[in-house]
Amino acid sequence: MIKHFFIIDNDEDELFLFIDAIKSLKIPYSCTWAKTGEQGIKQLSYVIPDIIFVDYNMPSMNGLEYIKAIRGIPLYNSIPIVLYSCEISDIVRSMALQFGATICVNKIDAQSLQDIWLSVYAGTYNSVRT
């Protein structure tokens with residue numbers, strides 16, 4: 001079964017990191033990328049991903065604002081959301097979880113991304129919290 005991930009990050013290099021990590025797993029996937037939170041909201045009108053990765057530090061709409069906006073739409077309440085950044089403070093982590101993030105992580109290395117993706121693929125990701 002093909003799983004779909006959605007990455008919202010203004011840094012295109014992050015997209016390549018995600019794709020390289022997932023390609024190495026040799027499991028079917030599809031990917032959508034948005035450069036801004038606003039673009040990410042618009043794209044959800046035609047994409048329903050299995051997981052959303054959103055960067056905290058983005059211009060105009062940050063990751064917290066994005067999470068809050070889409071969690072207000074019932075169709076997207078069950079989609080796991082990973083908030084990531086170079087450094088996530090305890091305050092940002094607390095707010096993200098309050099707004100509906102599933103997990104918050106510091107910038108994702110390939111192994112961590114693969115672990116998260118494999119749990120999504122296996123259907124066990126919703127139970128993961130940090």
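Ordering 25-31, 6-12 by mean Cβ neighbour count within 10 Å, with the highest value first, yields 6-12, 25-31. Each Cα pair under 8 Å and six or more residues apart adds its sequence gap; the mean of these over the residue count of the chain is a relative contact order of 24 percent.
Charging the Cβ of each Asp and Glu at -1 and of each Lys and Arg at +1, and nothing else, the dipole of the chain about its Cα centre rounds to 480 debye. Computed over neighbours whose Cβ is under 15 Å from that of Pro28, the net charge equals +2, Lys and Arg +1, Asp and Glu -1. Bridging of Lys35 to lysines at a Cα separation below 16 Å is possible for none of them, once same-chain residues fewer than 8 apart are set aside. Cross-link partners of Lys23 among lysines, defined as those whose alpha carbon lies under 20 angstrom from its own and excluding same-chain residues fewer than eight positions apart: Lys3, Lys107. Between the alpha-carbon centres of the range 1-71 and the range 75-101 there is a gap of 13 Å. A straight chain from Met95 to Ile73 at 0.36 nm per residue would run longer than the Cα-Cα distance by 6.1 nm.
Throughout, read-outs are computed from the coordinates displayed, never taken from laboratory work. Predicted model only: the values in this text are computed from it and were never measured. Quick reminder, even Gly has a Cβ in these numbers, built from the backbone with ideal geometry, and neighbours come from all protein chains shown.
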